[in-house]
Amino acid sequence: MKKTILLTLLTFALTANAQEVKTLSLKDAIKYALENKADAKKAKLKIENSNYQIQEVRSRALPQISASGSLNYNPILQTTVIDGAAFGAPGSTIQAAFGQKWSSGAGVTLNQTLYDQSVFIGLKAAKTTREYYQINDQLTEEQVVERVANAYYQVYVRRQNLTVLDNNLTNTNKVKDIIKGQYDNGLAKKIDLDRILVKISNINTQRQQVLNSVALQENALKFYMGMPIETKISIPETEFEVTPQALSEAPDATSRTQYLLLKKQEQLLQYQKKSIQAAYYPTLSLTGSYNYIGQGPEMPWFKLPSDGVYWSDYAAIGLNLKVPIFSGFGTRAKVRQAENSLQALKVDLEDTKLSLDLDFENAKKQIENSIITIKNQKENAQLAQEVLTNTNNNYIQGLASLTDLLDAENALVEAQNNYTTALLEYKLAEIQLLKTKGELKTLTDK
């Protein structure tokens, strides 16, 4: 009995949770996406990774210290042939074995770079890489905002289309009831009733198609947000208000994120070129080592001279200078490749600036046209509503045909959908205008 009650309560809780609807404003949708979308998370991880890259390059300028140890057994000792004169036996040859059967050593080595042009350039490049990823993070956030805003308004339009169809279905059902009553009283033809039934069937079919379109568009929005697909969402109608943007002069394209990202990439390519040129410069490093070695006829560990094992230490300090003289023109070829990459990037910078200017002008023109279209379509929808109302009254009074009534209904649906489409085009143009001005993040303030 207790298990049954628990299962019932659990089922009820899961059902209630599944039916919970999350109301989303555009601001909420964007904030959710910036916190949860994979693209935004990965961009921030790249910034974090750039800090590790700086640490890696910095380590090349710091002392490199290592320790080593060895234990060797020599079953056959190498012999050396020497002149016996050194041992008081001129004219003879002595074959002597050097070394011991066992040897063991341990030591510490230090290496400190004193001058290496590539290390210092690499450190500057690593810091620039972090700045690059910071700008890339801003660009990624703008792209996330753009995708979410576009998808958000697409969902709204699909739902508005569904509302139009629902209103049309309601009105058509009322007409059907009137015709059914007239037919039952012998005042209408069967063909009129059949026509209205066909119209209702067609509306239901369209409604199902729009319902499917709404579901698909909502799934797209949730994907762009990084939200679980099974989450149910609701979009308030107040989010689709028309608030004309200030159509100012074209913004400075060189301050846009896309352009700044390319400029930072140009700086990285310049460092890359300098890093390659560093191969022409000499390098200087300081080395030092300290070692301790033991040798004897048996394993030296823990043994003393009384066991025939002798331990000694030795150390060395030195400077290593490397001066490049000729590399077979390989370095020169690499430098020219880097110069070629820089020239190609400069072409991209010019093209990007032109593209950003074009986007602004197109968005500006679309805004202007959309405002005119919205005004016309709104008036057209109001007029279509008046025509339908008058036609419906005339039909009830026998002064208009069913064809006139159906045409008036179709005209109203078309006018309302055209008005909604005009609103969508305005909102999409508004997003593009904000993008070209670098103000997409202001959508989170609305």
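The values are calculated or read from the model by the stated rules, or taken from the named source; none is laboratory data. This one's a predicted model, so the numbers in the text were calculated from it and none came from an experiment. We place every Cβ from the backbone using ideal geometry, glycine too, and count neighbours over all the protein chains shown. Surface accessibility is based on the protein's heavy atoms, side chains included, excluding ligands, DNA and RNA. Shrake-Rupley method; radii C 1.70, N 1.55, O 1.52, S 1.80 Å.
From the residues Gln397, Leu139, Ala415, which one has its Cα farthest along the dipole of the chain in the positive direction, the dipole being from +1 and -1 charges on Cβ of Lys/Arg and Asp/Glu about the Cα centre?
My answer, from the dipole projection, is Leu139.
Provide the gained length on full extension for the span Ile82 to Asn185, in nm with one decimal, where the gain is 0.36 nm per separating residue minus the Cα-Cα distance.
Once the chain is fully extended between Ile82 and Asn185, it gains 23.4 nm.
Would you kindly compute the Cα radius of gyration of the stretch 116-255 and its largest Cα-Cα separation (Dmax), both in Å?
Over the stretch 116-255's Cα set, Rg and Dmax evaluate to 27.3, 104 Å.
Grab the other residues whose beta carbon is less than 9 angstrom from that of Tyr224, score K and R as +1, D and E as -1, and report the net.
Numbers: positive: Lys37, Arg147, Lys222; negative: none.
Residues near Tyr224 contribute +3 overall.
Under a plain spin-label model, where a point goes 7 Å from the Cα along Cα-to-Cβ, how far apart in nm are Leu383 and Ser341?
6.2
Taking the dipole about the Cα centre of the chain, with the C-beta of Lys and Arg at +1 and of Asp and Glu at -1, give me whichever of Gln217, Leu383, Gln112 is farthest to the positive side.
Gln112
Please give the per residue accessible area of the stretch 20-175, computed with a probe of 1.4 Å over protein heavy atoms only, in Å².
With the other protein chains kept in place, the stretch 20-175 gives 55 Å² per residue.
Using 0.36 nm per residue, how much length does the chain from Asn49 to Ile94 gain when fully extended, once their Cα-Cα distance is taken away?
Full-extension gain reported as 9.7 nm.
Report the trypsin sites (Lys or Arg not before Pro) located in the stretch 128-225 that are in a DSSP loop and have at most 13 other Cβ atoms inside 10 Å of their Cβ, or state none.
Numbers: sites: Arg130, Arg147, Arg158, Arg159, Lys174, Lys176, Lys180, Lys189, Lys190, Arg195, Lys199, Arg207, Lys222; in loops: Lys189.
Hits after loop and neighbour filter: Lys189.
Counting pairwise Cα distances across the chain, what percent come out greater than 42 angstrom?
Numbers: 53684 of 99235 pairs.
That tail contains 54 percent of the Cα-Cα pairs.
List the residues of the stretch 77-112 whose backbone N lies under 17 Å from a point placed 7 Å from the Cα of Asp307 along the Cα-to-Cβ direction.
100-106
Go ahead and run the numbers for FRET between Leu110 and Thr442, Cβ-Cβ distance against an R0 of 56 Å, rounding to 0.05.
Rounded to the nearest 0.05, the efficiency is 0.50.
Would you mind working out the magnitude of the charge dipole of the chain relative to its Cα centre, with +1 at each Lys and Arg C-beta and -1 at each Asp and Glu C-beta, to the nearest 20 Debye?
Dipole magnitude for the chain comes out near 880 debye.
Let me check something: with ligands and nucleic acids excluded, how do Phe329, Phe302, Phe360 order by accessible area (1.4 Å probe), largest to smallest?
Largest accessible area first, the residues go Phe302, Phe329, Phe360.
Going by a ≥ b ≥ c, the root eigenvalues of the Cα gyration tensor, does the stretch 317-446 fall in the rounded group (a/c under 1.5), the prolate group (a/b larger than b/c) or the oblate group?
On the way: a/c = 5.35, a/b = 4.51, b/c = 1.19.
The shape class here is prolate.
Along each of its three principal axes, how wide is the spread of alpha-carbon positions in the stretch 46-203, in whole angstrom units, largest first?
Taking the Cα atoms of the stretch 46-203, the three principal extents are 148, 40, 23 Å.
Within the stretch 16-118, report the GluC sites (Glu not before Pro) that DSSP leaves as loop and that have at most 13 other Cβ atoms within 10 Å.
Glu20
Pop out the carbon and sulfur fraction of the accessible area of the chain as a percent, whole number, probe 1.4 Å.
For the chain, the apolar C and S fraction of the accessible surface comes to 54 percent.
Putting +1 on Lys and Arg Cβ atoms and -1 on Asp and Glu Cβ atoms, find which of Asn362, Leu304, Pro63 reaches farthest to the positive end of the dipole of the chain.
In the chain, that residue is Leu304.
Heavy atoms only, probe 1.4 angstrom, no DNA, RNA or ligands counted: give me Tyr292, Tyr426 ranked by accessible area, highest first.
If we order Tyr292, Tyr426 from most to least accessible, we get Tyr292, Tyr426.
Between Lys124 and Leu399, how many nm apart are label points set 7 Å from Cα along the C-beta direction?
Here the answer is 8.7 nm between the modelled labels.
Could you compute the FRET efficiency for Glu298 and Glu56, with r as their C-beta to C-beta distance and R0 at 51 Å, rounded to 0.05?
Efficiency computed from Cβ-Cβ geometry: 0.65.
When the helix-only estimate is applied to the chain (DSSP H runs of n ≥ 4, each -39,500 (n - 2.57), divided by the residue count), what is the mean residue ellipticity at 222 nm, nearest 500 deg cm²/dmol?
Result for the chain, helices only: -22500 deg cm²/dmol.
For Ile65 and Leu319, what does the FRET efficiency come to when R0 = 22 Å and r is the distance between their Cβ atoms, rounded to the nearest 0.05?
Efficiency at R0 = 22 Å is approximately 0.80.
What ranking of Tyr152, Tyr133 comes out by heavy-atom accessible area, probe 1.4 Å, highest first?
Largest accessible area first, the list is Tyr133, Tyr152.
Using the heavy atoms of the protein chains and a 1.4 angstrom probe, tell me the accessible area per residue for the stretch 275-393 in square angstrom.
Working: 8110 Å² over 119 residues.
For the stretch 275-393, the per-residue accessible area is 68 Å².
In square nanometres, what is the average projected area of the Cα convex hull of the stretch 211-363?
24.3
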